[in-house]
1. Confirm whether residue 446 is within 29 Å of the chain's Cα centre (by Cα) and either crowded, with 17+ Cβ neighbours inside 10 Å or in a helix (DSSP H, G or I) (or both).
2. Would you confirm whether or not the range 212-222 contains a residue that is assigned to a helix (DSSP H, G or I), under 30 Å from residue 315 (Cα atoms) and modelled with pLDDT under 70?
3. So residue 466 ticks every box in (1) at pLDDT 80 or above; (2) under 30 Å from residue 94 (Cβ atoms); (3) in the same structural domain as residue 18 (by TED's automatic domain parsing) but one. Which box is left unticked?
4. How about the range 83-192: which helices (runs of 4 or more DSSP H) wholly inside it have at least 3 residues that are under 21 Å from the mean Cα position of the chain (by Cα)?
5. Residue 486 - would you say it is outside any strand (DSSP E or B) and under 20 Å from residue 22 (Cα atoms)?
6. Can you report the number of residues in the range 381-404 which are farther than 22 Å from residue 426 by Cβ, touching a residue at least 60 places away in the same chain (Cβ under 8 Å) and part of a helix (DSSP H, G or I)?
7. Cβ contacts < 8 Å: first residue surrounded by fewer than 17 Cβ atoms within 10 Å (Cβ to Cβ), restricted to the range 16-36; second residue in a loop (DSSP other than H, G, I, E, B), any location; separation 6+ or different chain. Result?
8. Would the range 405-415 turn up any residue that is in contact (Cβ under 8 Å) with a residue 60 or more places away in the chain, within 24 Å of residue 158 (Cβ to Cβ) and touching a helix residue (DSSP H, G or I) at 6+ places or on another chain (Cβ under 7 Å)?
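The values are calculated or read from the model by the stated rules, or taken from the named source; none is laboratory data. Everything numeric in this text was worked out from a predicted model, so none of it was measured. Neighbour counts run over all protein chains shown; Cβ positions are idealised from the backbone, glycine included.
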């Protein structure tokens with residue numbers, strides 16, 4: 001509910017603060033006292049269009065703030081409107097602030113977070129219905145009419161709606177998948193051919209991990225075989241065999257060893273040197289053996305070299321396409337193999353998807369058809385109830401109808417041999433239409449021009465739909481336009497009944513309505529320093545009796561009028 005409203009520098013208002021309550025709150029005062037400015041201020045924080053003309057003379061900007069107190073259920077609904085923003089605090093307080101400046105700047109805040117006007121309107125449309133010459137009336141939005149009809153149907157309709165929504169969402173997703181599969185069929189076939197070619201190319205190579213490194217080493221040896229053999233033979237000659245003109249290193253070591261043996265008895269250290277030299281001789285024998293073995297293994301086979309070069313060329317070609325190493329090539333092979341299986345599976349899914357879609361369409365068709373039949377019965381009952389309510393409100397010749405249409409669509413759901421456009425709420429397009437006067441054709445509610453007619457029609461609808469309509473605050477302006485005493489009593493009682501369990505704010509000239517208020521505010525103009533302003537005062541006790549009497553008999557209040565006002569309040 002709207003708990004507090006603060007207005008600053010708007011029209012005739014310098015500064016005004018109002019605290020409302022649950023139940024019926026009324027605003028009264030002389031004609032032209034400025035009651036409509038307060039309604040316009042509320043309209044501003046609901047997201048209505050604003051111009052600098054609303055700013056008080058001599059001021060640069062106007063500010064309107066509204067503090068709303070939300071129930072846990074209302075808090076959840078507001079949070080769902082904007083899931084990406086935490087705009088409601090833990091206590092359920094929601095502060096809306098609107099600022100309009102002469103420079104054309106228009107700013108909106110919700111709990112100190114800057115929001116755009118569209119978001120403010122979404123929030124405002126849930127928080128308040130403002131009935132009169134204003135736009136924030138949920139019942140004037142045809143998109144909400146189907147929900148009101150369904151909510152009147154109770155748990156059975158809600159169950160159908162939930163089932164339908166689940167099937168519809170699944171059906172839509174599967175239709176999209178099928179569309180994608182069919183649309184991409186040619187591309188998939190090309191992709192399959194391409195992947196198979198890549199897979200075949202890699203598989204034919206029969207790659208072995210680290211094979212390239214082994215081949216590169218072998219290639220290096222074969223490519224330099226002559227040089228290696230020549231070097232090894234030279235080493236063998238120097239170390240072991242020797243030549244015609246010089247001894248080998250082995251012979252030189254033996255000669256030195258013999259010489260050392262002849263003098264070893266002279267010094268034991270010489271014996272140690274001889275032993276070390278002997279060990280070197282053994283090591284030399286091992287080295288020479290390795291050289292001979294290595295030399296004998298070297299192959300000068302040019303055919304094998306060409307084979308290795310060919311194999312390395314193949315591996316390098318694959319590297320240029322699929323990865324910088326054999327490991328990466330094999331990983332890529334695994335990846336495209338998996339993709340190929342997925343594409344093949346998607347192709348197989350086409351027929352299965354068609355079967356699943358047909359099954360879902362049958363379920364959606366049955367639920368939508370049953371839902372439509374039940375809605376038509378609910379609509380008939382609602383039409384009768386609204387007409388009765390309007391008769392009570394002195395609109396005896398008023399016609400009210402619930403228009404239910406289906407639209408044919410080749411891409412829709414088949415029911416009784418025809419295909420109809422389908423949405424998450426079914427096949428029905430529902431709108432409330434009305435003819436307030438004899439001879440006028442039925443028109444949408446939003447086309448009604450008279451503010452008094454709008455308010456009374458909305459009061460009739462709200463009286464019936466109050467249990468299923470979630471908007472927590474209703475504001476009625478001009479509801480008593482051209483209304484006499486008897487009808488005023490009827491309207492007052494309906495407003496009182498409607499205020500049970502929700503907040504009503506009503507601008508009125510009828511004492512029958514004012515005397516039923518939980519909070520009664522009196523608005524009047526004043527002049528201070530040659531400038532007009534507006535003040536507000538809550539009426540209680542004797543002051544309220546005087547105001548009710550004024551509303552009964554104008555400014556000429558008599559003792560009888562006061563007694564009558566007291567009687568009305570007591571009643």
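1. Against the criterion (within 29 Å of the chain's Cα centre (by Cα) and either crowded, with 17+ Cβ neighbours inside 10 Å or in a helix (DSSP H, G or I) (or both)), residue 446 does not qualify.
2. Yes - at least one qualifying residue is present in the range 212-222.
3. (1)
4. 117-127, 155-183
5. no
6. Of the residues in that region, 5 qualify.
7. Between residues of the range 16-36 that are surrounded by fewer than 17 Cβ atoms within 10 Å (Cβ to Cβ) and residues that are in a loop (DSSP other than H, G, I, E, B), the close pairs are 21/1; 21/518; 31/509.
8. no
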